[in-house]
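Trainee: Have a look at this one before I ask anything.
Read-outs: derived from the displayed coordinates by stated rules, not from any lab. Owing to the predicted nature of the structure, the values given are computational and were not obtained by experimental measurement. With ideal geometry, Cβ positions are generated from the backbone for all residues, glycine too; neighbour counts draw on all protein chains shown.
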Amino acid sequence: MTEPPLQRSLWAATASPSPPCPPLAGEVEADVAIVGAGYTGLSAALRLAEAGARAAVLEAHEPGWGASGRNGGQVIAGLKHDPDELLALYGAEAGRQALDCSAAAADLVFELIERHAIACDAQRQGWIQAAHRTGSLAPLRRRYQQLAALGHPVEWLEADQARALIGLPGYVGGWLDRRGGVVQPLSYARGLARAALTKSATVHAGSPATRLARQDGRWRVETPAGAVRAATVLLTSNGYTDDLWPGLRQSVIPVYSVQVATQPLGHNLARGLLPSGQAVSDTHRLLWYFRKDAAGRLVMGGGGSAYARDLPRLAAGLRRRVQGLSPELAEVPFAFAWGGRVALTRDHLPHLSELAPGLWAGLGYNGRGVAMATMLGHVLADRALGSVRPRFVFPATPLRRIPLHGLRGLAVSGMRAYYRLRDRLER
Ligand SMILES: Cc1cc2nc3c(=O)[nH]c(=O)nc-3n(C[C@H](O)[C@H](O)[C@H](O)COP(=O)(O)OP(=O)(O)OC[C@H]3O[C@@H](n4cnc5c(N)ncnc54)[C@H](O)[C@@H]3O)c2cc1C
């Protein structure tokens with residue numbers, strides 16, 4: 001897959017600058033080597049460095065170059081499963097761990113932003129999951145009720161309340177999760193990198209890991225101009241995972257998601273749309289999510305394809321959808337369109353796996369990684385440190401290749417066509 005450049009995105013145009021991250025040169029020793037400088041790898045590096053461990057991050061491009069610098073910036077607590085589903089899937093103890101860990105993920109993001117003074121336009125006004133048709137209300141209500149029973153700060157929204165908060169017609173209800181919020185995603189990634197560097201981690205841009213091997217009881221990770229020798233290695237390459245470790249790439253399905261952003265909306269339009277600053281995902285089967293940025297642009301995401309070449313077509317479809325939302329939006333000019341890879345898993349859960357002694361991977365956030373990747377980075381760091389009493393634990397599962405992985409392009413296209421048809425029929 002040829003990757004679209006990060007520079008096309010709204011976030012690259014408006015982000016705080018990256019800290020200097022020179023490529024790795026020569027042979028270095030570390031306690032933990034980390035492959036990939038997105039939220040997972042950078043959050044792990046920060047946690048390790050704060051604990052006094054020597055962490056060395058290797059990034060093929062630059063910090064935040066992957067999904068972490070391209071996403072919608074919606075900070076969402078929890079996973080795609082209801083709490084009772086997590087308990088059923090993992091069993092009581094591991095289910096509880098997954099539940100607690102994912103529930104605290106958004107808190108962790110805002111805690112790190114505050115503790116390390118990360119300038120990333122963070123706002124915590126909540127995240128809304130909105131029903132676009134009455135048939136979608138029941139599953140939303142079930143999730144809301146389960147979260148409310150667990151004491152989380154969630155509120156049910158009747159149709160008029162949902163419409164008032166979103167500022168668009170057509171929504172028939174939903175729920176508001178006060179734990180959620182928004183960030184400028186690339187600034188957040190760069191801020192994590194800066195914080196990790198301040199705590200004495202090293203972050204090497206332009207340093208793709210090309211070979212990983214065991215040597216004299218330690219791991220050796222090679223890049224074109226150097227190598228890191230470390231007791232532990234964390235693979236945190238998510239949708240950009242290559243063949244560095246056999247089978248890891250085949251454990252996820254990389255899918256391109258696309259984003260479009262308008263020019264800053266006029267004062268009246270901006271005041272009427274998402275007036276309180278929440279982020280929204282709705283219940284279309286072909287997921288649709290939106291928010292405003294700090295300058296009042298509407299940023300909308302959705303779609304999905306296995307092929308980068310489909311991004312312009314997906315972006316055009318998204319623009320049409322925005323223009324159809326209200327007469328005011330019909331004329332609004334667009335300024336940016338870009339895309340990036342999310343990593344899907346078969347069970348729609350993130351996977352934390354020990355691939356070999358001292359070699360861990362954390363990936364597969366299914367498009368919900370701003371909070372959860374930050375959290376799994378933290379969890380991976382605790383595993384690497386051998387923390388006796390880690391603050392968060394996420395259940396580890398064995399690496400599983402997805403059967404017929406070579407046919408993923410067809411599968412994604414088929415699924416997309418099916419979802420589009422269901423959305424049309426249910427309209
Ligand atoms: C368009 C889009 C919108 C999204 N919107 C949201 C949202 O609003 N809310 C939300 O919660 N989630 C969202 N997501 C998902 C979220 O962005 C990801 O789950 C999260 O960023 C994953 O972080 P990561 O660090 O695991 O991976 P990434 O950020 O993808 O980082 C992986 C890094 O690994 C590097 N790499 C790969 N192989 C190697 C190698 N061999 N050597 C060195 N480096 C390597 C890559 O260059 C890349 O920088 C969205 C994703 C996309 C693409």
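Trainee: Over 18 Å, how big is the tail of the calculated P(r) for the stretch 101-201, in percent of all Cα pairs?
Mentor: Details: 2811 of 5050 pairs.
Cα-Cα pairs in the stretch 101-201 separated by more than 18 Å: 56 percent.
Trainee: From zero outward in steps of 10 Å, how is the percent of C-alpha pairs of the stretch 283-342 spread across the bins?
Mentor: Per 10 Å bin, starting at zero, the Cα-Cα P(r) for the stretch 283-342 comes out as 20, 55, 24, 1 percent.
Trainee: Give me a comma-separated list of calculated 3J(HN,Hα) values for the stretch 111-121, in order, Karplus coefficients 6.51, -1.76, 1.60 applied at θ = phi - 60°, integers in Hz, x for any Gly or Pro.
Mentor: Coupling constants for the stretch 111-121: 5, 5, 4, 6, 5, 9, 6, 7, 7, 8, 6 Hz.
Trainee: Tell me, what ³J(HN,Hα) does each residue in the stretch 97-103 have, in order and in whole Hz, if you take phi through Karplus 6.51 cos²θ - 1.76 cosθ + 1.60 with θ = phi - 60° and put x for Gly and Pro?
Mentor: For the stretch 97-103, the Karplus curve yields 4, 4, 5, 5, 5, 6, 5 Hz.
Trainee: What is the helix-to-structure angle for 311-323, meaning the angle in degrees between its Cα long axis and the longest Cα principal axis of the chain, kept from 0 to 90 and rounded to the nearest 10?
Mentor: Around 30 degrees separate the two axes.
Trainee: On to the next question. Quick one: Karplus J couplings for the stretch 398-410, per residue in order, coefficients 6.51, -1.76, 1.60, θ = phi - 60°, nearest Hz, x for Gly and Pro?
Mentor: x, 5, 10, 6, 7, x, 6, 4, x, 9, 4, x, 5
Trainee: Using only helices, what value at 222 nm comes out for the chain when you add -39,500 (n - 2.57) per DSSP H run of length 4 or more and divide by the total residues, to the nearest 500 deg cm²/dmol?
Mentor: -10000 deg cm²/dmol
Trainee: Still on this structure: What ranking, highest mean first, results for peptides 265-274, 59-68, 290-299 when packing means the other Cβ atoms within 10 Å averaged over each residue?
Mentor: Peptide ranking by packing, descending: 59-68, 290-299, 265-274.
Trainee: Please rank Leu176, Leu197, fewest neighbouring Cβ atoms within 10 Å first, as an exposure proxy.
Mentor: Listing Leu176, Leu197 from fewest to most nearby Cβ atoms yields Leu197, Leu176.
Trainee: Here's something else I'd like to know. Compute and list, largest first, the equivalent-ellipsoid semi-axes of the chain from the alpha carbon gyration tensor, each √(5λ) rounded to a whole angstrom.
Mentor: Working: eigenvalues 234, 105, 89 Å².
Largest first, the chain gives 34, 23, 21 Å.
Trainee: What is the distance in Å between the Cα centres of the stretch 343-414 and the stretch 208-280?
Mentor: 12 Å
Trainee: Using modelled backbone amide H atoms (1.01 Å from N, in-plane), which distant-in-sequence or interchain residues come within less than 5 Å of Gly226's amide H?
Mentor: Gly26
Trainee: Continuing with this model, one more query. Just add up the charged neighbours of Arg422: K/R +1, D/E -1, any other residue whose Cβ is under 12 Å from the Cβ of Arg422.
Mentor: Its environment carries a net charge of +4.
Trainee: Treating the stretch 336-427 as a set of equal point scatterers at the Cα positions, no solvent, please give the Debye-formula log₁₀ I(q)/I(0) at q = 0.13, 0.23, 0.24 Å⁻¹.
Mentor: -0.60, -1.22, -1.27
Trainee: For Gly301, what charge total do you get from the other residues with a beta carbon under 10 Å from its beta carbon, if Lys and Arg give +1 and Asp and Glu give -1?
Mentor: After counting each charged neighbour, the total is +2.
Trainee: Please give me the summed charge of the neighbours of Thr241: other residues whose Cβ is under 10 Å from its Cβ, Lys and Arg +1, Asp and Glu -1.
Mentor: 0
Trainee: Also: Can you list the residues, at least 5 places off or on another chain, whose amide H is less than 5 Å from the amide H of Gly174, using H built in the peptide plane?
Mentor: Ala131, Leu157
Trainee: Modelled label-to-label distance, Trp156 and Ala25, 7 Å Cα→beta-carbon offset: nm?
Mentor: It is 6.4 nm.
Trainee: For Trp360, Trp127, Trp11, Trp288, what ranking results if the residue with the fewest other Cβ atoms within 10 Å of its Cβ goes first?
Mentor: Sorted ascending by nearby Cβ count, the order is Trp288, Trp360, Trp127, Trp11.
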